[in-house]
Ligand code: GRF
C-alpha cells in the first residue's frame, strides 16, 4: 500500500478529491497517511472528518525541518494541494521525484513568487489570455519550476471574472490531480 502525505493551507477541496479518488479506486493501492497544514484551515477539518491523521506545523523559517521530522520515513508521495509555504531546497532535493504540486495556471506561465489563488486568475485575465488551466508538476528548489506531469486547459470567455475562472480551473484540477497521483505512484494514466 503506497503512502501519501498531503500538505494543505486552505479549504482542501483538492484533498477532498484525492480522498474520493482513493475510495473510488481511481488511485489504486494507496492511502493518505497524514494531512499536514502550515496554518489553521478547513483542509485539517476535512482530514478529521475522514479520520485521517493531521498535524499543524506553523509556517516560517523552521517549517521544512519540522516537516522532515514528522514525515513517515517510507512515504511514497508528498502532494502539495493548495499549500502556500515554500518547501526548502534541501527537502525538495531529499524527496526529489516524490513531491508534486498542483498549480492553477498553464505553467510555466503565471507561476512563481506571489502567483497563488486569485492572484493567478487576476494576472491571467489582465494579460488578456484566451485560455488558462491547471498544472501538476514535480516540486524542485525553485517555485513552480519542476517537470510538468499533467496539464489541462480551460477556455476563457470575455465574461470571465477571477471567480468564474477559478471555478473552471478547479474543475480541471479535480480531474488531473488524482490522475497525476495514480500515474506517479502506479505508472498508469487513466
Ligand atoms: C487550488 O486552486 C490549487 O491549484 C492552488 O490552491 C488552490 C487550493 O484549493 N494551489 P483547495 O485548498 O484545494 O480547495
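Here are some notes:
- Inter-centroid distance (Cα atoms) of the stretch 71-99 relative to the stretch 33-58, Å: 16 Å
- The chain, helix-only ellipticity at 222 nm - DSSP H runs n ≥ 4, -39,500 (n - 2.57), divided by all residues, nearest 500: -10500 deg cm²/dmol
- On Cα atoms only, tilt of 13-23 relative to the major axis of the chain in degrees: 60 degrees
- Mean-square fluctuations from a GNM of the chain, with a 10 angstrom spring cutoff on Cα atoms, peak among 133, 114, 146 at 114.
- Between the beta carbons of residue 74 and residue 157, assuming R0 = 41 Å, the FRET efficiency works out to 0.30 to the nearest 0.05.
- In this rough spin-label picture, where each label sits 7 Å from Cα along the Cβ direction, the residue 50-residue 90 distance is 3.1 nm.
- The simple Förster model, with R0 at 30 Å and r as the Cβ-Cβ distance, assigns residue 188 and residue 66 a FRET efficiency of 0.35.
- Available extension along the chain between residue 23 and residue 42 is 4.8 nm, counting 0.36 nm per residue and deducting the alpha carbon span.
- For the stretch 48-190, the alpha carbon convex hull comes to 127 Å³ per residue, rounded to a whole number.
- Spin-label model, residue 11/residue 109: points 7 Å from Cα along the beta carbon direction are separated by 2.5 nm.
- Between residue 145 and residue 126, the modelled labels are 2.3 nm apart [label points 7 Å from Cα along Cα→Cβ].
Since every read-out is calculated from the coordinates, none of them should be taken as a lab result. What you are looking at is a predicted structure, and each value in this text was computed from that prediction instead of being measured. We place every Cβ from the backbone using ideal geometry, glycine too, and count neighbours over all the protein chains shown.
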